[in-house]
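Please see the structure below; I have some questions.
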Amino acid sequence: MSEDEEDDPPRTLYPWEHELDRMVEERKARALREGKDEKYYLRPDPDKKLTVEDCFRYIRTAQSMPEVWDAFMNMYLPTDEEEAAGYEPSEEDDNRHMLRRWFTNWYRFKFHPDVPRPALSSPGAVIEMYAQGKIDALFGQQAIDHMHKNPYIQRGDE
């Protein structure tokens, strides 16, 4: 790349990304004011769980945010063979992946700050399976069955 060429400017953050930054900084500042480790209010409770309905709300929230839904629906997921062969994601897929991670972090901090991050991997995986045509419905029994495989999702009457 020549000196005349400039890197693309960073993209403009979505309002919810700014909100995530503020929430994290507020929790750190609160902990420090109280004489605690700055990560005190950032640590989840390892025993806290989500309900299936909580997971469905995550999916509905992702659907309501076009940039997030686009990231979920258009993310290329390599096959096991491609992974084994050293698959390298495109820059667009890297960006989609990062947007999904930021969304998951925002959602957790906003609605379920005490729940470990892996709890939200289940609804994210349901969206991926739906996008790939592996399940028929985002809110059907296949989705529920998949979510129940996650130890951070409550079982029983949903």
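What follows draws every value from the coordinates through simple rules; no lab data is involved. As the structure is a computational prediction, the values presented were derived from the model and not from experiment. As a convention, Cβ positions derive from the backbone with ideal geometry for all residues, glycine included, and neighbour counts pool all protein chains shown.
Choose one of MET23, ALA62, ALA131: the residue whose Cα lies farthest towards the positive end of the charge dipole of the chain (beta-carbon charges +1 Lys, Arg; -1 Asp, Glu; about the Cα centre).
In the chain, that residue is MET23.
Sticking with this one: How large is the charge dipole for the range 3-158, taken about the Cα centre, if only the Cβ atoms of Lys, Arg (+1) and Asp, Glu (-1) carry charge, to the nearest 20 debye?
Values: 22 positive and 35 negative charges, 301 e Å.
Value, rounded to 20: 1440 debye.
Excluding same-chain residues fewer than 8 positions from LYS36, which lysines have a Cα within less than 24 Å of its Cα?
In chain and number order, the partners are LYS28, LYS48, LYS110.
Measuring from label point to label point, each 7 Å out along Cα→Cβ, what is the TYR14 to GLU82 span in nm?
Here the modelled spin labels are 2.3 nm apart.
Sorted from largest down, give the three principal axis spans of the alpha carbons of the range 102-158, whole angstrom values.
30, 28, 14
Could you name the lysines whose alpha carbon sits less than 20 Å from that of LYS134, not counting residues in the same chain fewer than 8 places away?
The qualifying lysines are LYS149.
Follow-up question, since we're still on this one. Under a crude label model (7 Å from the Cα following the beta-carbon direction), how far is ASN105 from LEU42 in nanometres?
Reported label-point gap for ASN105 and LEU42 is 0.8 nm.
For the range 13-55, taking Cα atoms only, what is the radius of gyration to one decimal and the Dmax to the nearest whole Å?
Final numbers for Rg and Dmax: 13.4, 37 Å.
Related question: Hey, what do the phi angles of the range 101-115 turn into as Karplus ³J(HN,Hα) couplings, whole Hz, using 6.51/-1.76/1.60 and θ = phi - 60°, x for Gly and Pro?
Those phi angles translate into 5, 4, 4, 4, 5, 4, 4, 5, 5, 6, 10, 9, x, 8, 8 Hz.
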